[in-house]
1. GLU254 - would you say it is modelled with pLDDT of 75 or more, in contact with a Ser or Thr (Cβ under 7 Å, 6 or more places away or on another chain) and not polar (S, T, N, Q)?
2. Run down ALA125, ALA97, ALA89, ALA120 and say which single residue is surrounded by fewer than 19 Cβ atoms within 10 Å (Cβ to Cβ), touching a residue at least 12 places away in the same chain (Cβ under 8 Å) and either out of contact with any Pro (no Cβ under 7 Å at 6 or more places or on another chain) or not assigned by TED's automatic domain parsing to the domain that holds ALA58 (or both).
3. Give the number of residues within the stretch 395-424 that are touching an Asp or Glu at 6+ places or on another chain (Cβ under 8 Å), surrounded by fewer than 17 Cβ atoms within 10 Å (Cβ to Cβ) and either of a type in the set (Gly, Ala, Ser) or farther than 19 Å from PHE104 by Cα (or both).
4. Say we look at the stretch 195-225 and pick out the residues that are of a type in the set (Gly, Ala, Ser) and outside any loop (DSSP other than H, G, I, E, B); which of these is farthest from the chain's Cα centre (by Cα)?
5. So for the stretch 17-36 (the condition being at pLDDT below 90, in a helix (DSSP H, G or I) and either touching a Leu at 6+ places or on another chain (Cβ under 6 Å) or small (Gly, Ala, Ser) (or both)), does at least one residue qualify?
6. Name the one entry in ALA228, ALA189 that is more than 30 Å from SER119 (Cβ to Cβ), part of a loop (DSSP other than H, G, I, E, B) and outside the structural domain of LYS109 (by TED's automatic domain parsing).
7. Using the structure shown, decide if GLU224 is acidic (Asp, Glu) and loosely packed, with under 13 Cβ neighbours inside 10 Å.
8. Would you be able to tell me the number of residues in the stretch 210-238 that are more than 13 Å from LYS360 (Cα to Cα) and aromatic (Phe, Trp, Tyr)?
Amino acid sequence: MNKFYRIAAAAAAMALAANTASCSSPKAITFGNGTKTAMTIDGYEVPAGVFIYNELYAYNNAAYTLYAQNGEYPSADDIKNATLGTMNASDWIQDQAVDYCKDFVVVEKEFEKIGEELSAEDQAAIKDGVQQQLTNTLFTENGVGEESIRAILANSYKQTALFKHYYGLDAEEGCSEEELKQYFIDRTARIKYFSVSLLDSDGEPVTEDEKHDIVKLVDGYVKEINSAKTNEKKLAKFDECKEKYNEYTTKKAEEAAAAAAEENGETTTTTTTTTTTTAENETTTTTTTDPYANEETLTKYTTTTADDSDPTATTTTASEETLAYQKTVQDYNDFVFNNLKEYEAAKYQYDDNTIYVIIKGNIEERMTEDDMWSEESIDSLLYERYYDTYNKKMEELAKALTAEKNAAAFRRFEPFKLSLEEAL
């Protein structure tokens, strides 16, 4: 996301830059004839406002990088005097801004290449976005004016169009809807679960006798759920058993409180909840409830590594606690995806403190237009599957571009000459 132009997200990220700025600032920037264009990239003239926007973003990345290294927000002087990699902060920020401008130009060129146009809906959204961002003094005080903001916003919508062109359903580098469905099925589980504690009210392990009773209770729940005749009834029975366990824990808590009160010479009262029924000739009001309200989806666990191209990414050695947690997650994932059968309740335990009662449904039953296979869901899944590939494609194209810098503009818009004190 750091190399692309969803301007609202970028503006929010630059709150850090505003908070690290010095107390004095120059007057609002105006452009002379010699600095209206910051650079030319393969024949495309990059407006100074677009370059300055990218400098602001790169400044924020520099601030975040130092924060990640030192654990505290840097001042403007801290950033100005810092060395990032082998470069001083000013050169690093402008170097990053050039790369971001290359990303911008790649989108412009590729969009022109595919011969598409932004929709009327996109154009309307861009118009609204421009007016909103013109109220942001961090932009306007630094010379990022209406035309530059419009270009940046339009560029973001062009990215979306490019992604859909290359990686949408049945696109030349994408996949068919059936292939996408299988991708979703392979990595998504539909589950219900509730946890049963093996700790007492003081957070201490229960006695062996109490543990035996709890395990027996859990085994009873599992047996009761699996005795239901249909899959739908198993899911309903699961909810009933979860409610039974909640009632059981409430009763145990009341008993513990009563015992403690008696030991201290006090008295307690308990509240009993009863269920009433209505006469046959009475009119009752029913409310339609979400049949999947108690369900969750689990995505197959995969490990990730830091993006070497992201200047804000940091690489650390995982602690023993982190590795233990990752193993716990992986083991649970393996159980759900490889060992848990559909519509067959089971108990799962990965430590001495908790037992889980869990059941898995068929994910395909929920892949409908009004549930898990809506247009929004499909778009989101395509981004999940192909965005990294798309990003690398665009990065390679950007690396091949050559930037001819306007030396006067680079001197005039040196990062630490910009106004950064205005709050967003």
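1. Taking the combined requirement at face value, the residue satisfies it.
2. On inspection, the qualifying residue turns out to be ALA125.
3. Final tally of qualifying residues: 1.
4. So, considering only residues that are of a type in the set (Gly, Ala, Ser) and outside any loop (DSSP other than H, G, I, E, B), the one farthest from the chain's Cα centre (by Cα) is GLY220.
5. Yes; the residues of the stretch 17-36 include at least one that is at pLDDT below 90, in a helix (DSSP H, G or I) and either touching a Leu at 6+ places or on another chain (Cβ under 6 Å) or small (Gly, Ala, Ser) (or both).
6. ALA228
7. No, not satisfied.
8. The total comes to 1.
The values are calculated or read from the model by the stated rules, or taken from the named source; none is laboratory data. Being a predicted model, the structure only gives us computed values, none of them experimental. FYI the Cβ positions are ideal-geometry reconstructions off the backbone, even for glycines, and counts take in every protein chain you see.
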